[in-house]
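Structure, as C-alpha cells:
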Amino acid sequence: MTQAAHHHRPSRFSRLTAAGERVMNTDGRPHPVQNALAGVTLLLGVIALVTAAWPGLHVISCWAGLAGIAAGGYGQMISATTAERFVLVIGMGAAGVGLFLGIAHGGPFG
C-alpha cells in the first residue's frame, strides 16, 4: 500500500517571522526579548506619530510616545545587533515627535 507524501507548506506568517528573524538576528543567534522590544518601540512610535495628527488625541499621543521612548531606551541598553538598534532609533524618533506634538496639543493629562 502506498502512502501519499504530505508536504507541509509554511504559512505566510511563519515565513514573514522567519524573514524578520534573519534580518534582526544578524549574528545568527536568537534574541527574542530584544526583537520584541524593537517591535514594541516601533509600534508605539507609529501610534504616537499617527495620533499626533489629530489634536483631540493628544493624550494617546503623549502616553504612547512616552512609553515608546522608555521601551526604546531600555531596548538600546540590551540590544545585541545593529539591526535592532536601527529599528529602536527609528521607533524612538517617531515616539519623540509624537510625544512633543501631543504635549503641544494639550499634554498627557488633558
Pair VAL50, ALA36: separation of 7 Å Cα→Cβ label points (nm) = 2.3 nm
How far apart, in nm, are the 7 Å Cα→Cβ label points at ILE90 and THR26?
-> 1.3 nm
Could you work out the Kirkwood radius for the stretch 62-110, taking every pair of different alpha carbons, averaging 1/r and inverting it, reported in Å?
-> 11.0 Å
Just the ratio, please: alpha-carbon radius of gyration of the stretch 38-97 over 2.2 N^0.38 Å, N its number of residues.
-> 1.07
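All of the numbers you see were taken from the coordinates with simple rules; none came from a lab. Note that the coordinates shown come from a computational prediction; the quantities given were computed from them, not determined experimentally. Every residue, glycine as well, gets a Cβ built from its backbone with ideal geometry; the counts of neighbours run over all protein chains shown.
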